[in-house]
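Note sheet for the following structure.
The values are calculated or read from the model by the stated rules, or taken from the named source; none is laboratory data. Bear in mind the structure is a predicted one, so any value in this text is a computation, not a measurement. Reconstructed Cβ throughout: ideal geometry from the backbone, glycine too, with neighbour counts over all protein chains shown. With ligands, DNA and RNA removed, areas are computed over all heavy atoms of the protein, side chains included. Shrake-Rupley method; radii C 1.70, N 1.55, O 1.52, S 1.80 Å.
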Amino acid sequence: MTLIKIPPHWEVSENQITPPDIYFKRRRFLKTFIGAGIGASLLPLTSCQKSSSQTALESSLQRPKLTGITKNPAFAKVDRPITEEILAGQYNNFYEFGGTKNIWLKAQKLPTDPWKVEVSGLVKNPKTYDIEDLKTKFPLEERVYRFRCVEAWSMVLPWVGFPMKALINAVEPTSSAKFVRFTSFYDPDVIPGPTFHLGSLPWPYQEGLRIEEMANELAFFAVGLYGHDLPKQHGAPLRMVIPWKYGFKGAKSIVKIEFIDQKPATYWNTLVPNEYSFEANVNPNKPHPRWSQATEKFISKGPGLSWDIKETLPYNGYGEYVASLYS
Ligand code: MTE
């Protein structure tokens, strides 16, 4: 099998960011050696004996089931299988909890109850919603979307949530609203950010869209995944899902949504503007300055090593919905 090297994301050193092949290989290695006591604190090693870590990982994914969900037939499947939940739930980017993929345990510190989301700025009906209000006000649907990280790995995920357009209709932006800024939860007393560059990063994590992008049929707020509430490592209790853009555009654990008239500063674009554009549409023909974007490692099945090299599609395969936004 041909391995493609996934270079470090921004200035994170290579031992801090783990490409999928190395990550899952390491876990298989640890599994093999559990009997010898190597890595016993980290992983499950036999199929009949579960480590406490494995049990904790599984319980982090056992969130309350969401009911009354419609499966949107337009997004019921894609040309690839849905990634196994246990893989998606242990291979995450959530820099508030550290600069590696293995943050699921630390993310359990995220305080999600109660949770309020302020929607404000250039709108006729500003409102602070309780997360439960959002889940009942807007009909919830499931959408299976491709997910493509700028680091050239990908998954397919069954999100549950509601179209961003529904929130736009509820708050009625004024004609001066041109952009929308999304702000993630950040409280340094709770989540101090990764220690390897503490203090030098533009917290809180913020992302932004043009208002026309937010109004596109595909733009989605997720409150759930795999039929239940979002696990904390995936950005509970509310995150953005913009499937035609690189994954970093999808801010997690959102507390504020502001309609504004200027393009907002965003986290990765502020740090490294020449590597992470504001627009960040998936584009196989536009290499990242440090690696190709022509192909991706598609992570699908566990346990252990399982990925396929796939060609990356323009707009991540969603051109028919969104190309007109950029003509
Ligand atoms: N949101 C916040 N608040 N903090 C982050 O570090 N990482 C982004 C995005 N949203 C990030 C974030 C990146 S780089 C990616 S690829 C996706 O979350 C990863 O989502 P997942 O862990 O659910 O797969």
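Data overview
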quantity	calculated
Qualifying residue in the stretch 238-253 (condition: in contact with a strand residue (DSSP E or B) (Cβ under 9 Å, 6 or more places away or on another chain), without any contact (Cβ under 8 Å) to a residue 12 or more places away in the chain and farther than 10 Å from R181 by Cβ)	no
Selection within the stretch 101-140 - free of Cβ contacts under 8 Å to residues at least 24 places away in the same chain, part of a helix (DSSP H, G or I) and either in contact with a Lys or Arg (Cβ under 6 Å, 6 or more places away or on another chain) or over 23 Å from Q233 (Cβ atoms) (or both)	D133, T136
Residue ID - modelled with the lowest pLDDT, chosen from residues in the stretch 168-197 that are of a type in the set (F, W, Y) and either open to solvent by 50 Å² or more (accessible area, probe 1.4 Å) or not in a strand (DSSP E or B) (or both)	F196
So Y145, is it within 16 Å of the ligand (Cβ to nearest atom), of a type in the set (S, T, Y) and part of a strand (DSSP E or B)	yes
Of all residues in the stretch 251-263 being open to solvent by 10 Å² or more (accessible area, probe 1.4 Å) and not charged (D, E, K, R), the one that is farthest from the ligand (Cβ to nearest atom)	Q262
Residue among I69, I86 that is within 18 Å of the chain's Cα centre (by Cα) and of a type in the set (V, I, T)	I86
Some residue of the stretch 256-266 being on the phi < 0 side of the Ramachandran plot, hydroxyl-bearing (S, T, Y) and without any contact (Cβ under 8 Å) to a residue 40 or more places away in the chain	no
Verdict on N316 being in contact (Cβ under 8 Å) with a residue 24 or more places away in the chain, within 25 Å of V180 (Cα to Cα), more than 17 Å from the chain's Cα centre (by Cα) and surrounded by 14 or more Cβ atoms within 10 Å (Cβ to Cβ)	no
Some residue of the stretch 204-225 being closer than 19 Å to Q90 by Cα, polar (S, T, N, Q) and touching a residue at least 12 places away in the same chain (Cβ under 8 Å)	no
Candidate set: the stretch 265-310, residues that are aliphatic (A, V, I, L, M), in a loop (DSSP other than H, G, I, E, B) and at pLDDT below 95; chosen: the one surrounded by the fewest Cβ atoms within 10 Å (Cβ to Cβ)	V272
Number of the condition not met by P204 [criteria: (1) out of contact with any Ser or Thr (no Cβ under 9 Å at 6 or more places or on another chain); (2) within 16 Å of the ligand (Cβ to nearest atom)]	(1)
Answer residue from the stretch 224-239, given it is in a strand (DSSP E or B) and surrounded by fewer than 24 Cβ atoms within 10 Å (Cβ to Cβ) and is farthest from the chain's Cα centre (by Cα) among those	H228
Residue under evaluation K165, criteria (1) open to solvent by 40 Å² or more (accessible area, probe 1.4 Å); (2) more than 12 Å from the ligand (Cβ to nearest atom); (3) touching a strand residue (DSSP E or B) at 6+ places or on another chain (Cβ under 7 Å); (4) not acidic (D, E), criterion not met	(3)
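Here's the yes/no breakdown for (1) within 16 Å of the ligand (Cβ to nearest atom); (2) of a type in the set (A, V, I, L, M):
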{"site": "Y95", "(1), (2)": "yes, no"}
{"site": "L134", "(1), (2)": "no, yes"}
{"site": "N169", "(1), (2)": "no, no"}
{"site": "T174", "(1), (2)": "no, no"}
{"site": "F179", "(1), (2)": "no, no"}
{"site": "F182", "(1), (2)": "yes, no"}
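Quick grid of which residues meet (1) at positive phi; (2) in contact with a Ser or Thr (Cβ under 7 Å, 6 or more places away or on another chain); (3) among the aliphatic types (A, V, I, L, M):
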residue: A219; (1), (2), (3): no, no, yes
residue: A222; (1), (2), (3): no, no, yes
residue: P237; (1), (2), (3): no, yes, no
residue: V241; (1), (2), (3): no, no, yes
residue: A251; (1), (2), (3): no, yes, yes
